[in-house]
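The block underneath contains the structure these notes are about, expressed in structure tokens.
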Amino acid sequence: MEFLLFLLVVAVLAGFLVPRLLHRRRAVREVVSGMARSNDPAAYGFVPAEQLDVRLPGPDPELVEALGETQRTQDWGPVARLLALTGDDWELRWQRVQSVAGAAAMELRAARESGTGQAPSPQAPPGLSFSKDAPSEARQQDARWLRNWRAERPGDEGAAQVYAQFLVWQAMADPASADHRIVLEEARNVAREAAAMAEQDPTPYLTELFVARQLSYRRADFEALWHEVVRRAPHHMGAHLAALPYWSEKWHGSREDAYAFAEGAASRAPEGSLLPALPLFAVWAHLPEAQMVRGMYQSQVVENAIEAAEFAVDDADDDHPVRAHVLHLLVCMLVRAERYEEAMEALSVVDGYVGALPWIESANPVGEYAAYRALAVAGYESQGGSTTTAPPPPLH
């Protein structure tokens, strides 16, 4: 009798557990299959990892062409003309000044590493390959075009803006260096020179926002600087992104300060603005170190920030210079929240580029982005998605 009861219990457990175990094994196989397919870019039209562009958050063919020509020839003319043609599109100008200055900083760093026999920096932009076998080429491509531009056109606001931001990137790359503060103070001086050259342009003040954070401006001084920004461009998304870290608990504020700054800007945003997405960046800046708690990304605070950011990118123009920045952070947050279909929609817009938060905070931006892209595909397929239902990839 006891043996018959034992068999009955085994049968009941088998009937209960086996289907679940089989279902779990199928789910695991689906996830693994999705990971494998996502590593084959052709499956979803994704760009191969080795071709991802770490310089930019999204496409800017005019910038790529001008910067490529300048770096190839060491002639500052192409980037100078590009900034002149950018005119008073302040959002686009700020993005291009950052990118040109960053490219110059990485070019100089790569040249120095090549000259000392070190391996090239992983942050060096694509197209800049220096090797120990070609030291003369490295010396020729050492961002001298920026120094020449600044020396030959001292009254050119574009040259001053790029050089000021270049100095900021130089200082931030090595905050432990003995001349860290000296370089930042020089960056501030050059930024103020640039501000005097073009009274209505907010760009130099945005560069000083970085300096203010690094040099620990008093709140009153930071607020006075911020007043100069909003007087010129009150709804400038790039400016708000540059100012937000100052108010975070990592720097000179608190979670409450950062949330108040972000939510206040979002509440005053005009139609078509990306400012409603700013709270998502405040949330990102204050995530705890242990970030694998599933419920965290499905909390009301995170959900509200995601919803507002999605509204903002839908409401803004497709070619808004900062839209790609928001979409990249959305990819990360949506994957963590297990909202894979929405993550795939964001990927369909920005795939091919990784020069944005959160990837640039990683030592390996390409690898970090590719991993999240793989997780998005795996989750999407585990929820019934496929290549036939996925949004089309962007045109590259």
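The values are calculated or read from the model by the stated rules, or taken from the named source; none is laboratory data. Keep in mind that this is a model prediction, so the values were computed, not measured. Don't worry about glycine lacking a Cβ; one is built from the backbone with ideal geometry, like all the others, and counts go over all protein chains shown. In case anyone asks, the SASA skips ligands and DNA or RNA and just uses the protein heavy atoms, side chains included. Shrake-Rupley method; radii C 1.70, N 1.55, O 1.52, S 1.80 Å.
Does the stretch 143-180 hold any residues that are among the β-branched types (Val, Ile, Thr) and farther than 21 Å from residue 87 by Cα, and which are they? Full working, then the answer.
So the first thing to find is which residues in the stretch 143-180 are among the β-branched types (Val, Ile, Thr), and the list is 162, 168.
Hit for the stretch 143-180 is 168, nothing else.
Could you check residue 160 against (1) out of contact with any Pro (no Cβ under 9 Å at 6 or more places or on another chain); (2) modelled with pLDDT of 90 or more; (3) not charged (D, E, K, R) and say which number it fails?
Here residue 160 meets the rest and fails (1).
Please list, ordered by residue number, the helices (runs of 4 or more DSSP H) wholly in the stretch 277-396 having 2 or more residues that are among the acidic types (Asp, Glu) and surrounded by fewer than 20 Cβ atoms within 10 Å (Cβ to Cβ).
On the way: elements: 278-285, 300-315, 323-336, 340-350, 365-382.
Filter on the stretch 277-396 gives 300-315, 340-350.
What number of residues within the stretch 300-312 satisfy the criterion of being farther than 16 Å from residue 341 by Cα and β-branched (Val, Ile, Thr)?
Qualifying residue count, the stretch 300-312: 2.
Working carefully through the options 91, 113, 50, find the one that is exposed (fewer than 15 other Cβ atoms within 10 Å of the Cβ) and over 15 Å from residue 145 (Cβ atoms). Reasoning before the result, please.
Details: 91 fails: exposed (fewer than 15 other Cβ atoms within 10 Å of the Cβ); 113 fails: exposed (fewer than 15 other Cβ atoms within 10 Å of the Cβ).
Result of the check over 91, 113, 50: 50.
Tell me which residues, restricted to the stretch 196-231, are under 23 Å from residue 171 (Cα atoms), of a type in the set (Gly, Ala, Ser) and open to solvent by less than 40 Å² (accessible area, probe 1.4 Å).
212
Could we say that residue 261 is surrounded by 20 or more Cβ atoms within 10 Å (Cβ to Cβ), in contact (Cβ under 8 Å) with a residue 24 or more places away in the chain and under 27 Å from residue 287 (Cα atoms) here?
Details: surrounded by 20 or more Cβ atoms within 10 Å (Cβ to Cβ): yes; in contact (Cβ under 8 Å) with a residue 24 or more places away in the chain: no; under 27 Å from residue 287 (Cα atoms): yes.
Criteria not met by residue 261.
Regarding the stretch 283-295, can at least one residue be identified that is among the small types (Gly, Ala, Ser) and closer than 30 Å to residue 217 by Cα?
Let us first name the residues in the stretch 283-295 that are among the small types (Gly, Ala, Ser), namely 285, 290, 295.
Retained after the next criterion (residues that are closer than 30 Å to residue 217 by Cα): 285.
Checking the stretch 283-295: at least one residue is among the small types (Gly, Ala, Ser) and closer than 30 Å to residue 217 by Cα.
Out of the residues in the stretch 108-154 that are modelled with pLDDT of 90 or more, touching a helix residue (DSSP H, G or I) at 6+ places or on another chain (Cβ under 6 Å) and charged (D, E, K, R), state the one that is nearest to residue 72 (Cα to Cα).
Filtering the stretch 108-154 down to residues modelled with pLDDT of 90 or more leaves 108, 143-154.
From what is left, the residues that are touching a helix residue (DSSP H, G or I) at 6+ places or on another chain (Cβ under 6 Å) are 143, 145-146, 149-150, 153.
When the remaining residues are screened for being charged (D, E, K, R), the result is 150, 153.
On the way: 150: 18, 153: 20 Å.
Per the stated criteria, the residue is 150.
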